[in-house]
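The values are calculated or read from the model by the stated rules, or taken from the named source; none is laboratory data. Keep in mind that this is a model prediction, so the values were computed, not measured. Virtual Cβ from ideal backbone geometry, glycine too; neighbours counted across all protein chains shown. To get the accessible areas, we keep the full protein, side chains included, count just its heavy atoms, and leave off ligands, DNA and RNA. Shrake-Rupley method; radii C 1.70, N 1.55, O 1.52, S 1.80 Å.
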Amino acid sequence: MSAPSMRVVQIHRYGGPEELKLEERPRPAPQTGEALVQVHAAGVNPIDWKIRQGVMQAVQPVTFPFTPGIELAGVVAAVGPEAPSVALGQAVYAQVAAGAYAEYLAVGVEALAPKPAWLTFVEAAATPVGARTAWRALFDHGHLAAGQRVLIQGAAGGVGQFAVQLAKWRGAEVIATAAPDNLAFVRSLGADKVVDYTTTQVESVVTGVDLALDTVGEATLRSSMAVLRPGGALISINGVPSQQEAQARGVRALMSRGPASVSLQTLTQLIEEGYLQVTVGKIYALREVQQAHEDGQRGHGRGRIVLRIYE
């Protein structure tokens, strides 16, 4: 007897959004230590379209056909052997290596966490990567402490929104940059000062910062470095800062990579205690995945774009 089918997005070669194909494939069966998750929603991250374009193939090559998607929320539909930590019907969310743009995905149970009760599936799917990336940059690499001053470039985005809230939770003074239509939103997250980057060079109004978190990249790395006090740190998540300039200014500068120390269980606790709120960007159906990628690549949005898969 053949396995039930599912809808899944696959790419068969590198290229533009048109390479994202919605196809029918057999539903996977959970193996030892895995749970089969019926995916209700999947976040759309910049790495998804970078992999699709082929710009990541030197460091992260893929085997075709390939299904993008590294964060999801859904319900446990089946449990494999030696996976006692999850139960059928349990609402979960996760960060995965790939494959979330599908109606079902087999996931190792160690990657799954109970979905925060206060979040919808769409909101939960917009949380793991952004929140963990912000934590890694601010705390694992930036060593942000209470009473310090931090600049967050691109504060309305999928990472920036969490960075503002986590920095406030830690007790830092938060200065943030955003576009005009996002200024009030970033203030609502707790930012102490918000700079409109379309009209004001942040380095002309901000100095003496202990830590700069740059989520934007090449266009803002120099201004992020210019606001630092001697001995301060620039942590970028989108581009490698100039080491020559960092040495000349007497600051530390690096691109934040690798796993974050924070668990999803800790993030769930912060959400349920009211320290973190989740703002979702545009929501697309799975069949609209090409439009979702086109929208994401334009940038400057608020929150994470999400695919609603189970409708």
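Worth a mention:
- Whole-Å distance, taken between Cα centres, linking the stretch 41-79 and the stretch 176-237: 29
- Once the Cβ-Cβ distance of Arg187 and Glu245 is raised to the sixth power relative to R0 = 25 Å, the FRET efficiency obtained is 0.20.
- Computed magnitude of the charge dipole of the stretch 170-246 (debye, nearest 20; Cβ of K, R +1, Cβ of D, E -1): 140
- Vicinal HN-Hα couplings computed from phi for the stretch 126-138 (Karplus, 6.51 cos²θ - 1.76 cosθ + 1.60; Hz; Gly/Pro x): 8, 9, x, 5, x, 5, 5, 5, 4, 4, 4, 5, 6
- The chain, helix-only ellipticity at 222 nm - DSSP H runs n ≥ 4, -39,500 (n - 2.57), divided by all residues, nearest 500: -6000 deg cm²/dmol
- When the charge dipole of the chain is built from unit charges on Cβ atoms (+1 for Lys and Arg, -1 for Asp and Glu) and taken about the Cα centre, the candidate among Pro4, Leu234, Ile283 whose Cα reaches farthest toward its positive end is Leu234.
- Members of Lys50/Lys282; Lys21/Lys282; Lys50/Lys115 lying beyond 24 Å, as alpha-carbon distances in this model show: Lys50/Lys115
- Value of relative contact order over the stretch 107-235, rounded to a whole percent, pairs C-alpha under 8 Å and six or more apart: 22
- Prolate/oblate/rounded call for the stretch 9-158, Cα gyration tensor, a/c under 1.5 rounded: oblate
- The stretch between Ala98 and Arg298, if pulled fully straight at 0.36 nm per residue, gains 69.8 nm over its current Cα-Cα span.
- Debye, to nearest 20: dipole size of the chain, +1 on Lys, Arg Cβ, -1 on Asp, Glu Cβ: 360
- The residues of the stretch 191-262 expose, per residue, 50 Å² of accessible area to a 1.4 Å probe.
- Highest-first arrangement of 19-30, 158-169, where packing means the average Cβ count within 10 Å: 158-169, 19-30
- Prolate/oblate/rounded label for the stretch 106-223 (Cα gyration tensor, a/c 1.5): prolate
- Computed from point charges on the beta carbon alone (+1 for Lys and Arg, -1 for Asp and Glu), the dipole magnitude for the stretch 74-156 about its Cα centre is near 320 Debye.
- Protein accessible area in the chain, 1.4 Å probe - carbon and sulfur %: 51
- Pairs of Cα atoms nearer than 8 Å and 6+ residues apart set the relative contact order; for the stretch 222-296 it is 21 percent.
- Based on Cα contacts under 8 Å between residues 6+ apart, the chain shows a relative contact order of 19 percent.
- Fraction of alpha-carbon pairs over 26 Å apart in the chain - percent: 46
- Mean accessible surface per residue for the stretch 1-96, computed with a 1.4 Å probe while every protein chain stays in place, in Å²: 46
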